[in-house]
């Protein structure tokens with residue numbers, strides 16, 4: 001008897017493994033970055049600003065895949081420690097743009113060796129083609145999840161997705 005995709009997904013849900021992997025990576029990276037006074041989410045925001053022109057909180061949130069409210073709070077904290085600079089927009093004072101300061105760039109440079117070492121170890125038993133295939137698969141899953149979210153928002157959910 002041959003297993004179908006549905007059999008595999010229902011008997012051993014891959015999303016459990018993704019959630020477990022995400023949690024473990026976050027724990028390892030938080031521990032690694034703690035030596036530099038950062039958490040992974042803070043490092044992610046700083047790294048998104050590296051090489052970018054100033055970004056709004058909304059754009060930074062989208063780029064970093066971090067909730068907008070969380071991004072806003074983290075930017076406040078990073079601004080207090082002078083790792084980022086906030087610039088109020090002239091045409092709309094409700095919005096700010098965020099940019100990386102020299103201190104933020106220096107801190108990112110100091111973390112790069114440790115972050116690279118963690119990544120190298122994480123992917124050490126995969127060859128480049130497996131890493132590429134994994135990345136492409138995750139991108140498809142993200143697109144699929146986004147399309148489910150759009151169906152929820154537009155109320156065009158098919159009967160078999162109604163429980164989502």
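In the range 2-36, the qualifying residues are those that are more than 19 Å from the chain's Cα centre (by Cα) and closer than 15 Å to residue 111 by Cβ, and the one that is surrounded by the fewest Cβ atoms within 10 Å (Cβ to Cβ) is 35.
For every residue, the table says whether it meets (1) modelled with pLDDT of 95 or more; (2) outside any helix (DSSP H, G or I); (3) more than 18 Å from residue 29 (Cβ to Cβ).
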| site | (1), (2), (3) |
| --- | --- |
| 108 | yes, no, no |
| 132 | yes, no, yes |
| 148 | no, no, yes |
| 152 | no, no, yes |
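Annotation for the range 93-112: at least one member residue is more than 22 Å from residue 42 (Cβ to Cβ) and without any contact (Cβ under 8 Å) to a residue 60 or more places away in the chain.
Looking across the range 51-92, the residues that are exposed (fewer than 12 other Cβ atoms within 10 Å of the Cβ), free of Cβ contacts under 8 Å to residues at least 12 places away in the same chain and more than 24 Å from residue 37 (Cα to Cα) come down to 88, 90, 91, 92. The condition of being over 18 Å from the mean Cα position of the chain (by Cα), at pLDDT 95 or above and not assigned by TED's automatic domain parsing to the domain that holds residue 40 holds for only one of 83, 126, that being 126.
The values are calculated or read from the model by the stated rules, or taken from the named source; none is laboratory data. Because the structure is a prediction, the values reported are computed rather than measured. Positions of Cβ are backbone-derived with ideal geometry, glycine not excepted, and every protein chain shown enters the neighbour counts.
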